[in-house]
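The values are calculated or read from the model by the stated rules, or taken from the named source; none is laboratory data. Because the structure is a prediction, the values reported are computed rather than measured. We place every Cβ from the backbone using ideal geometry, glycine too, and count neighbours over all the protein chains shown. SASA here: full protein model, heavy atoms, side chains in, ligands and nucleic acids out. Shrake-Rupley method; radii C 1.70, N 1.55, O 1.52, S 1.80 Å.
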Amino acid sequence: MRCLKRPCLVVICCSLALPLAADDEDPTALAPDQVARVEKDLFHPPVRLTTFDRIIDSGPAWGHSGPWVEDVDGDGVKDLIVGDFSGLFKLYRNLGSNEQPRYALAVNLQAGGVDAKVPIY
Amino acid sequence: MDFDGDGHLDLVSGSYDPGELYLFRGEGKGKFAAREVINDKSGQPILRVPDQKHRVESFGSWMALVDWDADGDLDILVGTYVGTMFLRFNEGTRTKPAYATENVWVQVGDKRLRVPGDANDVTGGSGHANPVIADWDGDGLWDIVTGASNGGVYCYRNAGQPGKPRFESPIALVPAHSGDGYGELLEADQDPQPGIRSQIAVTDYDGDGKLDVLLGDFCSYLHIKKDLTAEQRRDLEKLRQGQDDTSKGLREAMAALRKQFAEAMKGVPQSEWHTQANMDKWQKMYQEMQSSPAYKAKREEYEQFQRALPKFVEPPDNNRGSPDTPHGYVWLFRQK
């Protein structure tokens, strides 16, 4: 979380890491892939997922939402799991159906009796 | 994902720092065991730089499980911070995995895959490869779909055969975000757009038989005050232009420094770039850049812009000391 406050500082922070990033060739010298084509009109306009009363937003944890859907609690409908920059995983239980999910307020996913967490910094 | 074929749902995850991969073994009914590191068959963590000398070398990992070679077990596919992807083949079984000690890099043709970036970004703008496996085009072969640092979503179509995947150049399913993701201006009545660093899930979300994309993002916004006069708006625009130019100058300085470091390391194997002596060299170069009058002037200019912004934007709903508010939404892209 350190120094992730302003754009230039983020760039500096990330850049400090980049010279340290090594493959057997310099990955930063490897050109990004060129896009062959851009799909048009593939999706409906995107919408933000919500719980009962609010838009799901990992902003307070510095964002970086990482979503996944699985039937975590074994009730037959897929729940939503969202990782974020805190390293925690928010579990949104699906109280609706697979076709029309309705998500409960988030709880931290538990593992080994504590909050499941991965290192971020 | 059932990591070990025991019939229970497990949770797997990559990480930023140190980039290790983690497993939370499922115990059924939503219960998970404590975190464990996913190691290779020699007991070493699976990392982008297996013989790393410094923990930051493997910074940033995103993992997916796939039976790459169609031998009946699950191999690990890892996306990296710099946008490449590598495999660790499972040399064990579905229920007792034993992962190879060597990385095998994913290729597009004869070139190593690196997710698309922003051509205008002086840093290369490519990274945050977070692959998921899905048969996007429904041809019976799984494809790689991935998010990226630029916020886009890309499909690398598998045009190979079962057990012998071959990937075509990426198709953009979701275009890249148009801004840099930090301090973007938002009118009071304006909805945000999907941001940068897309992290995705691919699933038939609405049960209509078509695959959809869930996209997690990051973006920070400056919420413009409602009652700005026309003159204040012009001032804000001018301020932002100046800030963008200054920010670009700072990024260019960093890009130049990295290049300079790479040149200084010419002939030195990359595995030696992180010795204490070379790290000291990098630090010295970095400090020299920071203390140069030109860089300091740019920094001061940038700070001035930051200090002027609160006149034009709503106070952030946090106390980070920065005028922007970070967000991380989950966007549903429902396929038509």
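Net charge within 13 Å of B:Glu288 by Cβ-Cβ distance, Lys/Arg positive one each and Asp/Glu negative one each, not counting B:Glu288 itself?
It works out to a net charge of +2.
Please list A:Val38, B:Val330, B:Val12 from largest to smallest accessible area, probe radius 1.4 Å, with all protein chains kept in place.
Correct descending sequence by accessible area is A:Val38, B:Val12, B:Val330.
What is the dipole size for segment B:128-261, taken about its Cα centre, with +1 at each Lys and Arg Cβ and -1 at each Asp and Glu Cβ, in debye to the nearest 20?
It works out to roughly 760 debye.
Do you know the relative contact order of segment B:35-96, to the nearest whole percent, from alpha carbon pairs under 8 angstrom that are 6+ apart?
In percent, rounded to a whole number, it is 22.
Classify segment B:1-83 from the C-alpha gyration tensor, please: rounded if a/c falls under 1.5, else prolate or oblate depending on whether a/b exceeds b/c.
Prolate.
Could you please put B:Lys266, B:Lys311, B:Lys248 in sequence from largest to smallest accessible area, using a 1.4 Å probe?
Result, largest first: B:Lys266, B:Lys311, B:Lys248.
Quote the accessible area belonging to B:Ser198 in square angstrom, nearest 10, computed with a 1.4 Å probe and with ligands, DNA and RNA left uncounted.
Probe radius 1.4 Å; accessible area of B:Ser198 about 0 Å².
Enumerate the calculated ³J(HN,Hα) couplings along segment B:85-100 in order (Karplus 6.51 cos²θ - 1.76 cosθ + 1.60, θ = phi - 60°), each rounded to whole Hz, writing x wherever the residue is Gly or Pro.
9, 9, 10, 10, 5, 7, 9, x, 10, 4, 9, 10, x, 9, 8, 4
State, as an integer percentage, the relative contact order of chain B based on alpha-carbon contacts under 8 Å between residues 6 or more apart.
12
Around A:Gly96, what is the net charge, scoring Lys/Arg as +1 and Asp/Glu as -1 over all other residues with Cβ under 12 Å from its Cβ?
With Lys, Arg at +1 and Asp, Glu at -1, the neighbours total -1.
Using each residue's phi in segment B:318-332, evaluate 6.51 cos²θ - 1.76 cosθ + 1.60 at θ = phi - 60° and report the 3J(HN,Hα) Karplus result to the nearest Hz, with x for Gly and Pro.
So the Karplus estimates, Gly and Pro as x, are 7, 10, 7, x, 10, x, 9, 10, x, 9, x, 8, 10, 9, 9 Hz.
Roughly how crowded by other chains is peptide B:27-36, in terms of the mean Cβ count from those chains within 10 Å of each of its Cβ atoms?
Across B:27-36, the average partner-chain Cβ count within 10 Å equals 5.
Find which of B:Leu141, B:Ser247, B:Gly72 sits farthest along the positive direction of the dipole of the protein assembly as shown, computed with +1 on the beta-carbon of Lys and Arg, -1 on that of Asp and Glu, about the Cα centre.
In the protein assembly as shown, that residue is B:Ser247.
If you filter segment A:37-87 for trypsin sites (Lys or Arg not before Pro), then keep DSSP loop positions with at most 12 other Cβ within 10 Å, what is left?
Sites meeting the loop and neighbour criteria: A:Lys40, A:Arg54.
Given the options B:Arg114, B:Arg320, B:Arg35, state which has the largest fluctuation in a GNM of chain B using a 10 Å cut-off (strictly under) for Cα springs.
B:Arg320
Using a/c under 1.5 as the rounded threshold, could you call segment B:116-268 rounded, prolate or oblate? The axes a ≥ b ≥ c are square roots of the C-alpha gyration tensor eigenvalues, and prolate needs a/b larger than b/c, oblate otherwise.
oblate
Dipole magnitude of segment B:263-336 about its Cα centre, charges +1 at Lys/Arg Cβ and -1 at Asp/Glu Cβ only, in debye to the nearest 20?
240
For B:Gly19, what residues show an amide H to amide H distance below 5 Å, using hydrogens built from the backbone and excluding near sequence neighbours?
Under 5 Å from the amide H of B:Gly19 lie the amide H atoms of B:Gly60, each far enough along the sequence or on another chain.
Among the DSSP beta bridges whose two residues both lie in chain B, what percent are antiparallel, rounded to the nearest 5?
In chain B, DSSP labels about 95 percent of beta bridges as antiparallel.
Could you tell me which of rounded, prolate or oblate describes segment B:7-53, using a ≥ b ≥ c as the square roots of the eigenvalues of the alpha-carbon gyration tensor, with rounded for a/c under 1.5 and, failing that, prolate when a/b is larger than b/c and oblate otherwise?
Cα axes put segment B:7-53 in the prolate bin.
Once Lys and Arg get +1 and Asp and Glu get -1 on their Cβ, which of B:Leu211, B:Ala308, B:His177 lies farthest toward the positive end of the dipole of segment B:169-313?
Towards the positive end, the residue furthest out is B:Ala308.
Percent antiparallel among DSSP beta bridges with both residues in the protein assembly as shown, to the nearest 5?
Given both bridge residues lie in the protein assembly as shown, the antiparallel proportion sits at roughly 90 percent.
Nearest-5 percent of antiparallel DSSP beta bridges in segment B:165-303?
65
Against the 2.2 N^0.38 Å scaling, with N counting residues, where does the protein assembly as shown land? I'd like the Cα-based Rg ratio to two decimal places.
Relative to the 2.2 N^0.38 Å estimate, the protein assembly as shown comes out at 0.98.
Could you work out, residue by residue across B:251-258, how many beta carbons of other chains sit within 10 Å of that residue's beta carbon, and then give the average as an integer?
That works out to 4 on average.
Across peptide B:298-308, what mean number of C-beta atoms from other chains lies inside 10 Å of a residue's C-beta?
Mean number of neighbouring Cβ atoms from other chains: 1.
Suppose every Lys and Arg Cβ carries +1 and every Asp and Glu Cβ carries -1, with no other charges. What dipole size does chain B come out with about its Cα centre, to the nearest 20 debye?
Dipole about the Cα centre, nearest 20: 1000 debye.
Take B:Met1, B:Met279 and sort them by solvent-accessible surface of the protein heavy atoms, 1.4 Å probe, largest at the top.
Heavy-atom accessible area, descending, gives B:Met1, B:Met279.
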